[in-house]
Amino acid sequence: MAKPAPSGSTKKAGETPKKATKTPPEAKVETSFAETQGSGGETHQVAEGDVAVLTTQQGVPVADDQNSLKQGARGPTLLEDFHFREKIFHFDHERIPERVVHARGYAAHGFFELTDSLADVTRADIFQRVGERTPAFVRFSTVAGSKGSPDLARDVRGFAVKFYTKEGNWDLVGNNIPVFFIQDAIKFPDLIHAAKPAPDRAFPQAQTAHDNFWDFISLTPESMHMIMWIMSDRTLPRSFRTMEGFGVHTFRLLDADGRSTFVKFHWKPKAGLQSVVWNEAVKINGADPDFHRRDLWDAINAGDFPEWELGVQLFDEEFANSFDFDVLDSTKIIPEEILPVRIVGRLVLDRVVDNFFAETEQVAFCTQTVPPGIDVSNDPLLQGRNFSYLDTQLKRLGGPNFTHIPINAAKCPVSNFQQDGHMAMTNPKGRANYEPNTWGPVAGGPREDPVKGFRSYAAEPDGPKLRIRPESFADHYSQARQFLLSQEPIEQKHIGDALVFELSKVERPDIRSRVVSHLVNIDADLAATVADGLGMPVPEAAQAARPTNTDLAPSAALSIVRNGPNAFAGRKVGILVTDGTDAKLFAALTAALDAEDALFEVVAPKIGGATLSDGTLLAAKQKIDGGPSVLFDAIAVLPSAEGAALLAVDAPAKDFVTDAFAHCKFIGIGPKAEPLFQKAGLIDDLDEGCMPLTGAKDVASFVEACGALRFWPRELNVDLDAQ
Ligand code: HDE
């Protein structure tokens, strides 16, 4: 008889994590809606063992929620059925407009902890006291896709952070890429129209591989630096946990005397940088369109709290004036090698939301929401955003009182004379709703505070009123080249591959050619590779407003591969088992993964699991058809001899190993697995990334090797373009 089942899934939700630094997670209790939610937002306590009575929104107990009120058993439904009408009316109005960009997103709660005081340069309260924690809410997103689009679209990721500081909220609304497509906000509607589905046919969804996007880009040379970033694997993150974040613009920090220091903000993931490859992304979108949101949900619920360091690049006017590019131009970075990033704090996400709509959907970020001590710069992209974000909340959330929604409300005192409007939730008492006044115990309050209050930087105006692009914004190619040359060869190859793929979907040859004409100004080799991939001659270089500076030193900080974790912690192995799998080998592998703080999922021919060699019934997390290897960072294939013979004729099992091989993953091969690799056509190609798993020693080497995340040398053997 089978013994009790060990878990076949990853570390169980609610399990206490091993690292002493982690706080044990509170197990998420699954509850029914009605038991916890009062119509006024308060929690209604229901005595243990009791079931709450179903009511209407007005609190009227409901007797029958199965049948509408009819005239006779088969007669028409009556208008007087207020319960039916209220239920349908509310349902009809459940949707609010999705965000015009960044519609698909996922969020979590956490905190920011200051580790290095910035009191020398800013009076911002959040940056004063080392060790102090500020509550935070973070929403990650893709840009172009609509709310239901898949997570692994090739796209920029939003990285928006709301800090609930003691002196008001601060929204740092960033991306996972430090530059942007355009220099002036007036071009944003054009950019987004070109990227989103075409207005006549309403496709393609959540992708840039189409004529409209590349038409616009080919006519917008300032986008070239961003194009290098979006064609790199930065737009295919393995997880939200493995991507950087950037404030993008130059902001200002202000001290108590109003002195200004320029600042650029960086988020650096503790889990290290990691991306997936394009062919894998395409398949993940089918296998699990929620791959990123599931990953965040699972990690937080397992107590493996995602964490980032906050870094700042601080500089003054003198540095800004000496820099090769304009610090107000959002298509440029300041390389870390020129201006180091100072780490000043950490952001930890430790709580998932209770209700997706209330929190993730209704959260409203606004770039102009800054507390005293932080200010905006004249970056024309940021200036435009400062209008757009407030305006868009009105449309999306329906009125000016979106700040009353709990997720948006400041966690410090709020008092002013603004009143009324749709859905006003926090309404002051008393008579005076104007200022100045002489009512109240202390006449006239609330009043301004010239010392504590927000003050803008006293910037001098910069000349006549003009519609003009400054000369200092004119170099469009030098940093694009610098980015490209900062990549490892495999990363450069991926950029070339992505350009060829995207432009292959562009139907008009003149658009393809115009894009390649810009690449000529970036790097002749890249232009030649892409032209060859497209089967076209290399065109003349596009006319450049400024010649490319070929002397910019590469920056190691720009490579994903060089900034990986070199460890397998937090990553996941898919372990393929069958009846008769060696129980000892399975136990050795899972113990080694546990010791590494890595995760695993059991994949088996049947979801009920497999009976191991010692008679143990091992539950499966995935049936093989539903758990393809694209969902894992590495795979281990441990069938019994009989199991391997069965898997060898199973198409999903063969895909499991061929995909892992094609995606350069580490593959652990159990002693009886050979027939599967034989039938999958891989047996003659196995390389050093395909490692035998026979006993404890092999297991240790395999888990250690997995820390490199991918066995990149293989890619040259599995890609026709690279032959
Ligand atoms: Fe946004 N952007 N954006 N954007 N953006 C919005 O605001 C806009 C830009 C970013 O999770 C919208 O609330 C303009 C840069 C994120 O809720 C809208 C311009 C960066 C999010 C808007 C930009 C961003 C948004 C849509 C050109 C990186 C999602 C819904 C000047 C620094 C926030 C909303 C969330 C969302 C306008 C360019 C990041 C329409 C006009 C550059 C992360 O207001």
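The values are calculated or read from the model by the stated rules, or taken from the named source; none is laboratory data. Worth saying up front: this structure is predicted, and the values here are computed from it rather than measured. FYI the Cβ positions are ideal-geometry reconstructions off the backbone, even for glycines, and counts take in every protein chain you see.
Of the residues Ile522, Ile495, Ile575, which is β-branched (Val, Ile, Thr) and under 23 Å from the mean Cα position of the chain (by Cα)?
Ile495
If you go through the stretch 346-372 one residue at a time, how many are in contact with an Asp or Glu (Cβ under 7 Å, 6 or more places away or on another chain) and either without any contact (Cβ under 8 Å) to a residue 12 or more places away in the chain or small (Gly, Ala, Ser) (or both)?
Residues flagged as in contact with an Asp or Glu (Cβ under 7 Å, 6 or more places away or on another chain) and either without any contact (Cβ under 8 Å) to a residue 12 or more places away in the chain or small (Gly, Ala, Ser) (or both) within the stretch 346-372 amount to 0.
Identify, by number, the condition in (1) in a loop (DSSP other than H, G, I, E, B); (2) over 30 Å from Asp255 (Cβ atoms); (3) touching a helix residue (DSSP H, G or I) at 6+ places or on another chain (Cβ under 9 Å) that Ala108 doesn't meet.
So the condition that Ala108 fails would be (1).
Only one residue in Leu236, Leu219, Leu273 is away from the ligand (no atom under 14 Å from the Cβ), within 30 Å of Thr548 (Cβ to Cβ), surrounded by fewer than 18 Cβ atoms within 10 Å (Cβ to Cβ) and of a type outside the set (Lys, Arg), so which one is that?
Leu219
For the stretch 126-162, name all the residues that are free of Cβ contacts under 8 Å to residues at least 60 places away in the same chain and either more than 16 Å from the chain's Cα centre (by Cα) or outside the structural domain of Phe305 (by TED's automatic domain parsing) (or both).
Gln128, Arg129, Val130, Gly131, Glu132, Arg133, Thr134
Quick one: which residue in Val138, Val143 is farther than 19 Å from Pro269 by Cα and within 13 Å of the ligand (Cβ to nearest atom)?
None of the others qualify; the one that does is Val143.
Would you be able to tell me the number of residues in the stretch 178-191 that are among the β-branched types (Val, Ile, Thr) and more than 8 Å from the ligand (Cβ to nearest atom)?
Final tally of qualifying residues: 2.
If you take the residues of the stretch 150-175 that are more than 9 Å from the ligand (Cβ to nearest atom) and part of a loop (DSSP other than H, G, I, E, B), which of them is surrounded by the fewest Cβ atoms within 10 Å (Cβ to Cβ)?
Lys166
Do we find that Gly105 is surrounded by 11 or more Cβ atoms within 10 Å (Cβ to Cβ), within 16 Å of the ligand (Cβ to nearest atom) and under 30 Å from Gly373 (Cα atoms) in this structure?
Taking the combined requirement at face value, the residue satisfies it.
May I ask you to say which residue of Ala556, Ala480, Ala474 is under 28 Å from the mean Cα position of the chain (by Cα) and within 29 Å of Ala185 (Cα to Cα)?
None of the other options fit; the residue is Ala480.
Output the residues belonging to the stretch 184-203 that are part of a helix (DSSP H, G or I) and either more than 15 Å from Arg99 (Cβ to Cβ) or among the hydroxyl-bearing types (Ser, Thr, Tyr) (or both).
Within the stretch 184-203, Ala185, Ile186, Lys187, Asp190, Leu191, His193, Ala194 meet the criteria.
I need the full set of residues from the stretch 389-404 which are assigned to a helix (DSSP H, G or I) and either more than 8 Å from the ligand (Cβ to nearest atom) or over 22 Å from the mean Cα position of the chain (by Cα) (or both), in order please.
Leu390, Asp391, Leu394, Lys395, Leu397, Pro400, Asn401, Phe402, Thr403, His404
Among the listed residues Lys283, Lys270, which satisfies the condition of being touching a residue at least 12 places away in the same chain (Cβ under 8 Å) and out of contact with any strand residue (DSSP E or B) (no Cβ under 7 Å at 6 or more places or on another chain)?
That would be Lys283, the only listed residue that is touching a residue at least 12 places away in the same chain (Cβ under 8 Å) and out of contact with any strand residue (DSSP E or B) (no Cβ under 7 Å at 6 or more places or on another chain).
At least 3 residues that are over 24 Å from Ile284 (Cβ atoms) in each: list the helices (runs of 4 or more DSSP H) lying fully within the stretch 592-705 that qualify.
By residue number, 641-647, 674-679.
Here are some conditions: (1) surrounded by fewer than 21 Cβ atoms within 10 Å (Cβ to Cβ); (2) not in a strand (DSSP E or B). Pro135 meets all but one. Which one does it not meet?
The single condition Pro135 does not satisfy is (2).
Of everything in the stretch 355-388, what is of a type in the set (A, V, I, L, M, F, W, C) and away from the ligand (no atom under 11 Å from the Cβ)? Give them in sequence order.
Phe356, Phe357, Ala358, Val370, Ile374, Val376, listed by residue number.
When you go through (1) of a type in the set (Ser, Thr, Tyr); (2) more than 16 Å from the ligand (Cβ to nearest atom); (3) in contact (Cβ under 8 Å) with a residue 24 or more places away in the chain one by one for Thr77, which number turns out not to apply?
Status for Thr77: all satisfied but (3).
Quick test for you: out of Val100, Val62, pick the one residue that is at pLDDT 85 or above and either exposed (fewer than 12 other Cβ atoms within 10 Å of the Cβ) or more than 29 Å from the chain's Cα centre (by Cα) (or both).
Val62
Suppose the filter is free of Cβ contacts under 8 Å to residues at least 60 places away in the same chain and hydrophobic (A, V, I, L, M, F, W, C); does Leu296 pass it?
The answer is no for Leu296.
Is it the case that Leu328 is over 30 Å from Asn401 (Cβ atoms), in contact (Cβ under 8 Å) with a residue 60 or more places away in the chain, within 14 Å of the ligand (Cβ to nearest atom) and not in a helix (DSSP H, G or I)?
Criteria met by Leu328.
When you go through (1) among the aliphatic types (A, V, I, L, M); (2) surrounded by fewer than 16 Cβ atoms within 10 Å (Cβ to Cβ); (3) in contact (Cβ under 8 Å) with a residue 24 or more places away in the chain; (4) within 16 Å of the ligand (Cβ to nearest atom) one by one for Ile343, which number turns out not to apply?
Ile343 satisfies every listed condition except (4).
Any idea which of Thr550, Thr578 is in the same structural domain as Leu618 (by TED's automatic domain parsing), in a loop (DSSP other than H, G, I, E, B) and modelled with pLDDT of 95 or more?
Thr578
Looking at Asp288, Asp255, can you tell me which residue is more than 27 Å from Pro628 (Cα to Cα), assigned by TED's automatic domain parsing to the domain that holds Val156 and acidic (Asp, Glu)?
Answer to the check: Asp255.
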